[in-house]
Amino acid sequence: MISFDNTEIAFKSKTDNDLRRSYMLFKTLAHNSLVRIGGALTQTAIRMQVPINWIVKPTIYKQFVGGETIAECADTVHELANYNVKAILDYSVEGREAPEDIQAAFDETLRSIANAGMEPNIPFAVFKPTAFTTANVLTKVSAGQKLSPAEATEADNFRNRIDMLCKTAHDQNIPILIDAEDSWYQNFIDEVVEQMMVKYNGKRAIVFNTFQMYRHDRLAFLKKSLQKAVDGNYYLGAKFVRGAYMEKERERALEMNYPSPIQPDKESTDRDYNLALKFCMENIGRITIFNGTHNEYSARYLTELMQQQGLKNGDPRVWFSQLYGMSDHISFNLAHAGYNVAKYLPYGPVKHVIPYLVRRAEENTSVKGQTGRELSLISKEMNRRSQTKR
Ligand SMILES: Cc1cc2nc3c(=O)[nH]c(=O)nc-3n(C[C@H](O)[C@H](O)[C@H](O)COP(=O)(O)OP(=O)(O)OC[C@H]3O[C@@H](n4cnc5c(N)ncnc54)[C@H](O)[C@@H]3O)c2cc1C
């Protein structure tokens, strides 16, 4: 059975200074009030054009982000590759929908696909579909509302942009992950992603949809997605996550008076997450699994399912992934044991990746519980190193 306890393997790529810096950072993130105030101050400073790079870049940015550009991420990609950990470059600029921003995100995503095509240590490309149209169009189409002629044109533009990205990935033979965000955009995104799978997944899974298992309808949706793949004779690319926007989902449902799409409790999310992995493993002939989680049980459980099914550790249809800067004990121990592992490596200009960093900071406060684990792993490794130096 795989163990995630070996901190020597987990932190082999980190110098003593790296570990001390991470320790200080996670210690700071453990204070909820600091995270809340820091997040608000940073966003205000950016709005008022107060320079913040000097404080953000050497601290939280360095922990969770690869660099401002694809080129700046190259050293990190190679460093990870030394330990058999691959990287997925994720252009993490969010919430911008002016036509020039959409075009810029589109051009950048094309560059990242081309880069992945040339770099064996980058096995996937990725994008957030919300970067390629307006929130208004995604919401209206998803809700089945009538569109104005201009909105209908924009919806077609969205379809065409996604098609061009998936076609480029297909031509470069690079699988492409399509992230999931708010549920009120997802119907339209699911529809387009399924069309892309029909077009590009005939020989293997190139296009991947994301299943957020904190939604109570996603296990049924997964089963339907597989049935369509079987009927249409294509492969299903399935990226699994629990889901990052739970509070926002629940608040909106309450405010707008509709039933929350979110599971009633964490146990239900965990149950469906693990059932989804099991379902996919039972149908591995037609599915490629991308297990995006920091949950030790879900990572280990998939290794057990692989063993039961007689799959080799490095079977190309099974991938494990964690975010850069988090849960190295899972990533590096899995990679050491020969499993396919790729870290999501976000990149982008400091001021544009702030929403991503605020989410990471919030996820790592003492309330949400990740920090305790990161801190105890880092201090375990610092102690181990100081013992061996004696
Ligand atoms: C490689 C990778 C890619 C990702 N891509 C996306 C993406 O495209 N879209 C996206 O939304 N997120 C994405 N995430 C984030 C992910 O959804 C989770 O927020 C994060 O990974 C924490 O969940 P976990 O499985 O790691 O572990 P855990 O810490 O075990 O689970 C925490 C999660 O459980 C769920 N949860 C917690 N409390 C409750 C409750 N009371 N009721 C119901 N559910 C609850 C929430 O989803 C919460 O985030 C990604 C994460 C990774 C590692």
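Laid out as a table, the results:
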{"read-out": "Single match in 226, 147, 222 (criterion: under 22 Å from residue 298 (Cβ atoms) and away from the ligand (no atom under 16 Å from the Cβ))", "value": "226"}
{"read-out": "Residue in region 297-312 that is surrounded by fewer than 21 Cβ atoms within 10 Å (Cβ to Cβ), of a type outside the set (Gly, Ala, Ser), within 12 Å of the ligand (Cβ to nearest atom) and in a loop (DSSP other than H, G, I, E, B) present", "value": "no"}
{"read-out": "Residue count for region 213-243, restricted to those that are buried (at least 17 other Cβ atoms within 10 Å of the Cβ), out of contact with any Ser or Thr (no Cβ under 8 Å at 6 or more places or on another chain) and assigned to a loop (DSSP other than H, G, I, E, B)", "value": "1"}
{"read-out": "Cβ-Cβ under 8 Å pairs, at least 6 apart or on other chains, region 272-298 side among the hydroxyl-bearing types (Ser, Thr, Tyr), far side away from the ligand (no atom under 16 Å from the Cβ) and part of a loop (DSSP other than H, G, I, E, B)", "value": "288/204; 288/205; 288/235; 288/316; 288/317"}
{"read-out": "Region 7-31, subset polar (S, T, N, Q) and surrounded by 14 or more Cβ atoms within 10 Å (Cβ to Cβ), residue nearest to residue 63 (Cα to Cα)", "value": "22"}
{"read-out": "Pairs, first farther than 20 Å from residue 356 by Cβ in region 128-142, second in a loop (DSSP other than H, G, I, E, B) and at pLDDT 95 or above, C-beta under 9 Å, six or more apart", "value": "137/147; 139/145; 139/182; 140/146; 140/147; 141/147"}
{"read-out": "Of residues in region 244-278 being over 20 Å from residue 128 (Cβ atoms) and assigned to a loop (DSSP other than H, G, I, E, B), the one farthest from the ligand (Cβ to nearest atom)", "value": "257"}
{"read-out": "Residue within region 245-262 that is free of Cβ contacts under 8 Å to residues at least 40 places away in the same chain, touching a Leu at 6+ places or on another chain (Cβ under 9 Å) and within 28 Å of residue 123 (Cβ to Cβ) present", "value": "no"}
{"read-out": "Contacts under 7 angstrom Cβ, first residue in region 19-30 being in contact (Cβ under 8 Å) with a residue 40 or more places away in the chain, partner outside any helix (DSSP H, G or I) and crowded, with 17+ Cβ neighbours inside 10 Å, 6 or more apart", "value": "19/11; 26/364; 29/364; 29/365; 30/365"}
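The values are calculated or read from the model by the stated rules, or taken from the named source; none is laboratory data. Not measured: the values here are computed from a predicted model. Using ideal geometry, Cβ is built from the backbone for each residue, glycine included, and neighbour counts are taken over all protein chains shown.
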